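The next block holds one structure in the form of structure tokens; read it before the comments.
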Amino acid sequence: MPNYKLSVFFDDKDLERICCAKQKVVLIKQSGKGSPLAWVTFDPFELTEITWEDKYGVYASASATQNGATISKHSSKDAISEYCYTFSCGRFTQNFGKGKGPFPETVIPADGYGVYNQSGRDLTFGLYQDVSVNGASYPKSPINAVKVLNEDVDTFSPLEEVQIFLQSNIQQGLVLSDLTSQRTTLEFGNGTDSIGVKFDGARFIQV
């Protein structure tokens, strides 16, 4: 599994201004489906190093998915791509073969993670991923949120793209479907496993 690293640099003058504004650095991990979430938030330093691995899990939640809601994981399971996981009785199980799901027409792509909602009600599902900030671990941090109807199947295919920006009054797991902050998109994968960015007083730029 690839390991990824993002290095974030700030100048002293910018740190003071950001601290006075009570802003935090926010990262969104891109996914092909669902509402984006604040994957991780942290106070800025002159240098902050964020690391993660290409490993994912699936989660279920009773939390709403509207903008400004905070997603709380109520059940979760480490997952393998190209498999579908059934959620019933408050837990996930793997009941189907590789690439298959509960229905003949269900196909789980090679880069996808499937969920089959058999809970008896509509719930929120999504992917999570561990992330570390300057050595501090944030395990099973949700990256997206999708409402899945009872008896429905949905599939999530994560992207190795990260958005970074500054924002106040924000916390990890917050639904961010309506953002006005100036974001910088960083593309990992395809041989790129380490990226550096610097705040230039207005936005983040690659260095």
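No lab work stands behind these numbers, since they all come straight from the coordinates. This structure is a prediction, so every number in the text was calculated from the model and none was measured. A quick note on method: Cβ atoms are made from the backbone with ideal geometry, for glycine too, and the neighbour counts reach across all protein chains shown.
Given R₀ = 25 Å, what would the calculated FRET efficiency be for GLN94 paired with THR185, taking r from the Cβ atoms and rounding to 0.05?
On the way: r = 33 Å, r/R0 = 1.33.
It comes out at approximately 0.15.
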| query | Quick one: which of LYS29/LYS73; LYS24/LYS77; LYS33/LYS73; LYS73/LYS147; LYS147/LYS198 span more than 24 angstrom between C-alpha atoms? | reply | LYS24/LYS77; LYS147/LYS198
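Only Cα pairs under 8 Å and at least 6 apart count here; give the relative contact order of the range 86-154 as a rounded whole percent.
Reported as a whole number, the value is 30 percent.
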| Built amide H within the under 5 Å cut-off of VAL131, gap 5+ | TYR138, LYS140, SER141
| Coarse-grained scattering of the chain at q = 0.08, 0.11, 0.14, 0.18 Å⁻¹, given as base-10 log I(q)/I(0) from a Debye sum over alpha-carbon atoms | -0.29, -0.52, -0.81, -1.21
| request: Determine the calculated [θ] at 222 nm for the chain from helices alone, applying -39500 (n - 2.57) to every DSSP H run no shorter than 4 residues and normalising by the residue count; nearest 500 deg cm²/dmol. | output: -1000 deg cm²/dmol
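Using Cα-Cα distances under 8 Å and only pairs 6 or more residues apart, what relative contact order does the range 3-206 have, in percent? Display every interim value, and only then the final one.
Numbers: 544 pairs, mean separation 59.7, N = 204.
Reported as a whole number, the value is 29 percent.
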| Gained length - SER7 relative to ASP178, 0.36 nm times residue gap less alpha-carbon distance | 58.9 nm
